[in-house]
Amino acid sequence: MHIIIRDLGLCSWLEVSENMNHFTKHRKDGTFDELWLVEHYPVYTHGLSEKKIKLKYIQEIPVFFSNRGGKITYHGPGQLVIYILLNLKRNHIKFRNFIHIIEKIIIQVLLFFSITAHIKKDQPGVYINNQKICSLGFRIIKGCSLHGASLNINMDLTPFKYINPCGRKDIIMTQVCHHNKHVTINIVKEVLIKIFCKNFKIKKYCKKKMEHD
């Protein structure tokens, strides 16, 4: 299994979403899988199961519909968003096992920084002391995954207070810097790439910049 990794830096959610859907729509059976690492400008997105959101802005932050699963969440600088574009069918990976592997990867990344995290059976994502540090939201099209996970590292968590994250009033968000203040987002990227490749048994990967039409 080979994969292309792209570090997109800080960019708009809308641009990445359009590129991701274009990539998925036009990929062939032999197209290499990709992993995109990105930070977004402040944005709220809501998935297919969130039907109540009609607002275009919340506290002057734009709100967009996303074709992923799940409800509303927030993205902003200091949060690492991990877009996972894998051909699950070709790699013989069942969706439930795929989710389990992603959660396991996040837990292992956090443990590398001496942070103990866990999952909840009734709530997707990764938690520390029952506070959420990583959210998941995926879509499968023609056997291929798109969208991914968002890991809070060192960001302004205030915008989460204006919504019910993932549709739940009882969720409290946390982030890596609350548990280890010496961790940077760039260090997390490097650790995540290594652990991601190990868990998915990726023998070869290469880093590339985003290609524009």
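The values are calculated or read from the model by the stated rules, or taken from the named source; none is laboratory data. For clarity, every value in this text was computed on a predicted model and none was experimentally measured. With ideal geometry, Cβ positions are generated from the backbone for all residues, glycine too; neighbour counts draw on all protein chains shown.
Quick notes on this structure:
- Residue 111 being at pLDDT below 95 and either more than 13 Å from the chain's Cα centre (by Cα) or closer than 18 Å to residue 190 by Cβ (or both): no
- Close Cβ contacts (under 7 Å, 6 or more residues apart or on different chains) running from residues in the range 7-35 that are modelled with pLDDT of 95 or more to residues that are surrounded by 16 or more Cβ atoms within 10 Å (Cβ to Cβ) and of a type in the set (Lys, Arg) comprise 7/189; 34/6.
- Scope the range 69-80; condition at negative phi and in contact with a helix residue (DSSP H, G or I) (Cβ under 8 Å, 6 or more places away or on another chain); matching residues: 71, 72, 73, 74, 75, 76, 80
- Qualifying residue in the range 196-207 (condition: loosely packed, with under 14 Cβ neighbours inside 10 Å, closer than 25 Å to residue 47 by Cα and either in contact with a strand residue (DSSP E or B) (Cβ under 7 Å, 6 or more places away or on another chain) or not hydrophobic (A, V, I, L, M, F, W, C) (or both)): no
- Enumeration of residues in the range 1-52 that are touching a His at 6+ places or on another chain (Cβ under 8 Å) and closer than 28 Å to residue 89 by Cβ: 13, 16, 20, 32, 33, 45
- Qualifying residue in the range 6-17 (condition: closer than 20 Å to residue 207 by Cα and in contact with a helix residue (DSSP H, G or I) (Cβ under 9 Å, 6 or more places away or on another chain)): yes
- Residues (touching an Asp or Glu at 6+ places or on another chain (Cβ under 8 Å) and outside any strand (DSSP E or B)) located in the range 58-74: 70, 71
- Answer from 52, 94, 104 - the residue that is within 20 Å of residue 195 (Cα to Cα) and without any contact (Cβ under 8 Å) to a residue 24 or more places away in the chain: 94
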